[in-house]
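Only one structure is covered here, and it is reproduced in the block below.
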Amino acid sequence: MDMDEVTVISRTQDSKIRLKVLTQPDDAIPQPEVARLRRKVRPDDDGRVRSRTIARRYLTKEEKVLSESLPYPEDVERPQTRGECMTMPRPCPFVSCGHHLYLDVNPESGAIKLNFPHLEVWEMPETCSLDVADRGGTTLEEVGAIMNLTRERIRQVEVRGLQKLRTNKEVELDLPPERP
């Protein structure tokens, strides 16, 4: 399969961000439930496509059996450390990795959240949250575009994470006191 590089403009509330993505020919066929979701995807008024969740209870019996019977390819070696991961080609093909940005799995319900239901993995500009963190100095708008969330939601997650750090590890981290 040949892949071409395309520049995509991701719009946030305040700015436009240019991201390079890889495209694959249209003959690639997604999984059945993902294909059903993609047919229903519609952009909001601001042009943003929201994430979609696949609840385990809505999968057909055949899809559940298929998901449990899929073997992991034996000839593919998955990276075990961050050092090995950094040398892997991008976009990262390991969507089951906890740091991959393509999907999230709820461990309690088994629900799968597709963060980018309108894109395939190879079309994503960023696939690894560790790569984004290694770059550092990322604005809320850029993180929002990378994670398909609004700037405000990113700010809320940041505030909540800092609050948890302060309450749980204040002595160990030597963080400054919380502002009034």
- [ ] List every residue pair whose Cβ atoms lie under 9 Å apart, where the two residues are 6 or more positions apart in sequence or sit on different chains, the first residue falls within the range 148-162 and is touching a residue at least 24 places away in the same chain (Cβ under 8 Å) and closer than 23 Å to Thr53 by Cα, and the second residue, located anywhere, is loosely packed, with under 12 Cβ neighbours inside 10 Å and of a type in the set (Asp, Glu).
- [x] Arg151/Asp14
TODO: Please find, among Pro32, Pro89, the residue that is at pLDDT 60 or above and either under 22 Å from Leu130 (Cα atoms) or surrounded by fewer than 11 Cβ atoms within 10 Å (Cβ to Cβ) (or both).
DONE: Pro89
Open item on the list: I'd like to know if the range 129-141 contains one or more residues that are at pLDDT 85 or above and touching a Pro at 6+ places or on another chain (Cβ under 9 Å).
Closed with: no
- [ ] Among what's in the range 52-71 and is closer than 18 Å to Val41 by Cβ and of a type in the set (Ser, Thr, Tyr), pick the residue that is nearest to the chain's Cα centre (by Cα).
- [x] Thr53
Task: Whichever residue in the range 43-74 is of a type outside the set (Val, Ile, Thr) and touching a Leu at 6+ places or on another chain (Cβ under 8 Å) and, among such residues, is surrounded by the most Cβ atoms within 10 Å (Cβ to Cβ) - done: Arg52
Open item on the list: Looking only at the range 61-83, how many residues end up being closer than 20 Å to Asp104 by Cα and hydroxyl-bearing (Ser, Thr, Tyr)?
Closed with: 2
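In the range 103-118, which residue that is more than 18 Å from Ile154 (Cβ to Cβ) and in contact (Cβ under 8 Å) with a residue 24 or more places away in the chain is nearest to the chain's Cα centre (by Cα)? So that I can check it myself, show each step before the final result.
In the first step, residues of the range 103-118 are kept if they are more than 18 Å from Ile154 (Cβ to Cβ); the result is 103, 105-112, 114, 117-118.
If we keep only those that are in contact (Cβ under 8 Å) with a residue 24 or more places away in the chain as well, we get 109-112, 114, 117-118.
Details: Ser109: 19, Gly110: 17, Ala111: 15, Ile112: 11, Leu114: 7, Pro117: 10, His118: 12 Å.
Once the filter is applied, the top-ranked residue is Leu114.
The values are calculated or read from the model by the stated rules, or taken from the named source; none is laboratory data. This one's a predicted model, so the numbers in the text were calculated from it and none came from an experiment. Here the Cβ is made from the backbone with ideal geometry for all residues, glycine too, and neighbour counts use every protein chain on show.
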